[in-house]
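Reading through the structure tokens given below for one structure.
The values are calculated or read from the model by the stated rules, or taken from the named source; none is laboratory data. On a predicted model such as this, the values are computed, not experimentally measured, just so you know. Note: ideal-geometry Cβ built from the backbone for every residue, glycine included; neighbour counts use all protein chains shown.
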Amino acid sequence: MNKSKKVAVVTGGAQGIGKAICERLKDQGVNVCTIDLQSNDYFIGDVAEESTLKKFAEKVIGEFGSIDYLINNACLTKGGIHSCGYDDFNYVLRVGVSAPFYLTQLFKDHFREGASIINISSTRHLMSQSDTESYTAAKGGISALTHALAVSLAGKVRVNSISPGWIDNTGTTFEGPNTIQHPAGRVGKPDDIVNMVMFLCDPKNNFITGQDFVIDGGMTKQMIYHNDKGWSLNHSD
């Protein structure tokens, strides 16, 4: 461990966007501390549990003393109004909203000058599919939490969020309607989100705080009507 290097905390860093963020930060020479239920090289644990978050923060602070970046990425879905029970709904909120709040609180006095918090939200806080309320509520919560924390931590830490659209983690090649529904002409990939993470970590961008950045290839900006451009909705009750 090199305490002279920047230190980043990343939740949900064992796969997908979180893993890509961790890899890029490591490539930049940053000490990366991740927490995930899945196997990883730093801390295995459930961010929904208060005691686990305390142990994780104690480990980071004990080893490094301070941090530069907190990237709250972990979240999941357990369905919605037709499929999600009370406990499952609240579990998703604990992972997606309570954990980012509590980690920020635990690290509040240990952020270095120029520190940056980046919350990974989703375009789901702007639009929905049926039966997705647990995930959508969590993403709406983290988006609101972002601007609240930006105000509370003004002058100490910049706080922003990123709202990915359709990001493919599998390397699948998409064609046809899946691509043309994006004005950018393709489905997103993890690097599209990582690039914005690195931008928001850069202290040169210290005038940016309390903002949400939608990275979705323009998907949420393109209005789609029945029979427009050959699109049609086949709906049955």
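Of all the listed residues (ALA99, ALA148, ALA115, ALA138), the sole one being exposed (fewer than 15 other Cβ atoms within 10 Å of the Cβ) and either at pLDDT below 95 or among the aliphatic types (A, V, I, L, M) (or both) is ALA148. Considering only residues in segment 216-237 that are out of contact with any Gly (no Cβ under 7 Å at 6 or more places or on another chain) and surrounded by 13 or more Cβ atoms within 10 Å (Cβ to Cβ), the one that is farthest from VAL7 (Cα to Cα) turns out to be GLN222. Is it the case that GLY176 is over 30 Å from SER98 (Cβ atoms) and either free of Cβ contacts under 8 Å to residues at least 12 places away in the same chain or hydrophobic (A, V, I, L, M, F, W, C) (or both)? Yes. Quick one: in segment 185-210, of everything that is part of a loop (DSSP other than H, G, I, E, B) and in contact with a helix residue (DSSP H, G or I) (Cβ under 8 Å, 6 or more places away or on another chain), which residue is nearest to GLY16 (Cα to Cα)? Per the criteria, the residue is VAL187. Residue check: LYS5 meets all listed conditions (1) more than 17 Å from the chain's Cα centre (by Cα); (2) assigned to a loop (DSSP other than H, G, I, E, B); (3) over 24 Å from VAL157 (Cα atoms) but one, namely (3). Remark: pairs (first residue in segment 123-137, in contact (Cβ under 8 Å) with a residue 24 or more places away in the chain and farther than 12 Å from THR220 by Cβ; second residue part of a loop (DSSP other than H, G, I, E, B) and among the charged types (D, E, K, R); Cβ separation under 7 Å; 6+ apart in sequence or on different chains) = SER134/LYS78. A count restricted to segment 113-143 and to residues that are under 23 Å from ALA20 (Cα atoms) and assigned to a loop (DSSP other than H, G, I, E, B) stands at 2.
Of the residues examined, LYS229 is one that is basic (Lys, Arg) and either part of a loop (DSSP other than H, G, I, E, B) or over 21 Å from LEU25 (Cβ atoms) (or both). In segment 68-96, the residues that are in contact (Cβ under 8 Å) with a residue 24 or more places away in the chain and buried (at least 16 other Cβ atoms within 10 Å of the Cβ) form Cβ pairs under 6 Å with partners that are assigned to a strand (DSSP E or B) and among the small types (Gly, Ala, Ser), at six or more places apart or across chains, as follows: ASP68/ALA115; TYR69/ALA8; TYR69/SER116. Remark: pairs (first residue in segment 196-217, under 16 Å from LEU70 (Cβ atoms); second residue among the hydroxyl-bearing types (Ser, Thr, Tyr); Cβ separation under 6 Å; 6+ apart in sequence or on different chains) = LEU200/SER116; CYS201/TYR69; CYS201/SER116. The conditions of being β-branched (Val, Ile, Thr) and either free of Cβ contacts under 8 Å to residues at least 12 places away in the same chain or assigned to a loop (DSSP other than H, G, I, E, B) (or both) are not met by THR146. Once segment 117-145 is narrowed to residues that are within 15 Å of ALA99 (Cα to Cα) and aliphatic (A, V, I, L, M), the residue that is nearest to the chain's Cα centre (by Cα) is ILE120.
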